[in-house]
1. Can you tell me how many residues within the stretch 83-117 are surrounded by 14 or more Cβ atoms within 10 Å (Cβ to Cβ) and under 26 Å from residue 28 (Cα atoms)?
2. Scan the stretch 30-43 residue by residue and report those that are crowded, with 17+ Cβ neighbours inside 10 Å and over 15 Å from residue 102 (Cα atoms).
3. For residue 142, work out the one condition from (1) surrounded by fewer than 18 Cβ atoms within 10 Å (Cβ to Cβ); (2) modelled with pLDDT of 95 or more; (3) farther than 23 Å from residue 27 by Cβ it doesn't fulfil.
4. Any residue that is over 15 Å from the mean Cα position of the chain (by Cα) and over 19 Å from residue 1 (Cα atoms) - is there at least one of those in the stretch 69-79?
5. Could you check how many residues of the stretch 7-29 are over 14 Å from residue 76 (Cα atoms), surrounded by fewer than 20 Cβ atoms within 10 Å (Cβ to Cβ) and either touching a residue at least 60 places away in the same chain (Cβ under 8 Å) or touching a strand residue (DSSP E or B) at 6+ places or on another chain (Cβ under 8 Å) (or both)?
6. Return yes when residue 14 is within 13 Å of the chain's Cα centre (by Cα), closer than 23 Å to residue 140 by Cα and modelled with pLDDT of 95 or more and no when it is not.
7. For the stretch 1-11, name all the residues that are at pLDDT 95 or above and either touching a helix residue (DSSP H, G or I) at 6+ places or on another chain (Cβ under 8 Å) or not in a helix (DSSP H, G or I) (or both).
8. If we only count helices (runs of 4 or more DSSP H) wholly inside the stretch 29-110, which ones have 3 or more residues that are within 19 Å of residue 9 (Cα to Cα)?
């Protein structure tokens, strides 16, 4: 699968999870969905940071958007780590809203800025290779998490 389509599939999954979290009626359901979101966002970010970003960080016109993407990932990771320690229900719900907003902004930036630039720079065959590498990186990280 084309690497950008592979990542877009993840983005679509996040949008679905975010809708479920926003529509959840009780805090236990929100926590359950948050744990899924956290695991999937962690895997997605690790794959992007291991494969996508290094592949293009030195390409002309990419350095700023790649640097911003790393920063956005770190902000989301920090927020999710804080959320795992939340004791107050209202704080957790506020942070969940903030996480969803940050993640959706990040996804929008990637899909409207980064992905079109990547698509214009590389061939379809290179995008297929990128897809395989991203998939392998996620599987490798999932295996590490399970261990």
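1. Residues in the stretch 83-117 being surrounded by 14 or more Cβ atoms within 10 Å (Cβ to Cβ) and under 26 Å from residue 28 (Cα atoms): 12 in total.
2. As a first pass, look at the stretch 30-43 and keep what is crowded, with 17+ Cβ neighbours inside 10 Å: 30-31, 33-34, 37-38, 41-43.
Within the stretch 30-43, 30, 31, 33, 43 qualify.
3. Of the numbered conditions (1) surrounded by fewer than 18 Cβ atoms within 10 Å (Cβ to Cβ); (2) modelled with pLDDT of 95 or more; (3) farther than 23 Å from residue 27 by Cβ, the odd one out for residue 142 is (2).
4. Taking the stretch 69-79 first, the residues over 15 Å from the mean Cα position of the chain (by Cα) are none.
Taking every residue of the stretch 69-79 in turn, none turns out to be over 15 Å from the mean Cα position of the chain (by Cα) and over 19 Å from residue 1 (Cα atoms).
5. Matching residues across the stretch 7-29 total 5.
6. Details: within 13 Å of the chain's Cα centre (by Cα): yes; closer than 23 Å to residue 140 by Cα: yes; modelled with pLDDT of 95 or more: yes.
Against the criterion (within 13 Å of the chain's Cα centre (by Cα), closer than 23 Å to residue 140 by Cα and modelled with pLDDT of 95 or more), residue 14 qualifies.
7. Residues of the stretch 1-11 at pLDDT 95 or above: 2-11.
Across the stretch 1-11, the qualifying residues are 2, 3, 4, 5, 6, 7, 8, 10, 11.
8. Values: elements: 53-56, 63-84, 89-109.
Passing ranges, in order: 89-109.
The values are calculated or read from the model by the stated rules, or taken from the named source; none is laboratory data. For clarity, every value in this text was computed on a predicted model and none was experimentally measured. For neighbour counting, all protein chains shown are included, and Cβ atoms are generated from backbone atoms with ideal geometry for every residue, glycine included.
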